[in-house]
Amino acid sequence: MAEWLTKGNTAVITGGASGIGLAAANVYLDKGLCVVIADADGAALESAHQQLQQQHNPANIRARVTDVTDYDQLLDLRDFVTSEFGPVHCLMNNAGTSIRMGQPWEDLDSLKRQIDINFWGVVHGCHAFLPDMIQAGQPAAVINTGSKQGMTKPPGNYGYNLSKTGVIGYTESIARGFRETENCRVTAHLLIPGFTYTGMISKFLPEKPDGAWTPEQVVDFMLNALQSGDFYVLCPDNETPRELDEKRLQWNTDDLIKNRPALSRWHPDFADQYNNFVK
């Protein structure tokens, strides 16, 4: 199904200097694609660029410092990619961060920053690239990185949850929009990693926990799912099998259907009921 994954085609990856983005760049280059990695961290981007050049054909690799919160920079990135490699066949909106903040009525600046990067970064990428990708009439894909936290919304970082909830809804709308667009050969996919040991996580955990997957495992799982034509790429990890993910998602949905308190999975009055449900 992933017809775009062909030697000579072009992939653009935001948040490409580390983690899942860098792992994807390596795989795409192994398969003969041309790759442009973009990241706001210039030093990390240069290091990743050098690493990729040592391991692959340097002629197929470009790097571009890009702040996804600035739409003009995404337009510049689009023009740069087109001038270097021509039409884009894979847009991977992967840039993201986790900003710790307090209660939902506190720290407005941090909340805006969180949403600017994780949600608006995805929107900016799609607005900049998708019209040309559709117009080109070639097999192509947009892959937006979401999160299970945008689905189940666990306590602890409501701003991150909110930003990823937006990515889920936005990407679902893109998929429907593609279906309604005549002769559109672009497909949309929502990457939903499990517990993955990336640079974002290493800020809080200096060593990889046994329960976490590596970025390379996530990318391998993603590519298999894309070959099957999956929209929801729901990744497991070493501590959470798909069956448990499905239980958690079902419980979350049932909060609305059964009129339970918000986020009842973490409500003390429902602890026993939840534990029995997931057994």
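Values quoted throughout were computed directly from the atomic coordinates according to the rules given, and no laboratory measurement underlies them. Since the model is a prediction, treat every value here as computed from it, not as a measurement. No Cβ is skipped: glycine too gets one built from the backbone with ideal geometry, and neighbour counts run over all protein chains shown.
Values for this structure:
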read-out: Nearest 10 degrees, 0 to 90: helix 71-85 Cα axis against the chain principal axis; value: 40 degrees
read-out: Translational D in µm²/s for the chain (Stokes-Einstein at 4 °C, 1.567 mPa s, Kirkwood Rh from C-alpha pairs); value: 67 µm²/s
read-out: Residues of type lysines that Lys112 reaches as a straight line, Cα spacing below 26 Å, ignoring anything fewer than 8 places off in the same chain; value: Lys148, Lys153, Lys164, Lys203
read-out: Exposure proxy order (Cβ contacts within 10 Å, fewest to most) of Leu263, Leu29, Leu74; value: Leu263, Leu29, Leu74
read-out: Long-range amide H partners of Thr187 with built H, under 5 Å; value: Ala140, Ala141, Val142
read-out: Segment 182-268 shape via C-alpha gyration tensor axes, a/c threshold 1.5; value: oblate
read-out: Reachable lysines, given that their alpha-carbon falls under 17 Å from the alpha-carbon of Lys258 and they are not under 8 places away in the same chain; value: Lys247
read-out: Table column - 3J(HN,Hα) (Hz), segment 212-226, Karplus curve with 6.51, -1.76, 1.60, x for Gly and Pro; value: 8, 7, 8, x, 5, 5, 4, 5, 4, 4, 4, 5, 4, 5, 5
read-out: Formal net charge of residues neighbouring Val36 (Cβ-Cβ distance under 9 Å; K, R +1; D, E -1); value: +1
read-out: Neighbour-count order for Lys31, Lys164, Lys7, fewest beta carbons within 10 angstrom listed first; value: Lys7, Lys31, Lys164
read-out: Within-10-Å neighbourhood charge of Ala17 [Cβ basis; K, R +1; D, E -1]; value: -3
read-out: Charged-residue dipole, Cβ positions (Lys, Arg, Asp, Glu), the chain about Cα centre, Debye nearest 20; value: 420 debye
read-out: Per-residue [θ]222 nm for the chain (sum of -39500 (n - 2.57) over DSSP H runs n ≥ 4, rounded to 500); value: -15000 deg cm²/dmol
read-out: Order of Leu244, Leu91, Leu33 under a 10 Å beta carbon neighbour criterion, fewest first; value: Leu244, Leu33, Leu91
read-out: Average Cα contact separation per residue, the chain, under 8 Å, 6 or more apart, as relative contact order %; value: 16 percent
read-out: Among Val123, Asn94, Trp105 the positive-end extreme of the charge dipole of segment 62-140 (Cβ point charges); value: Asn94
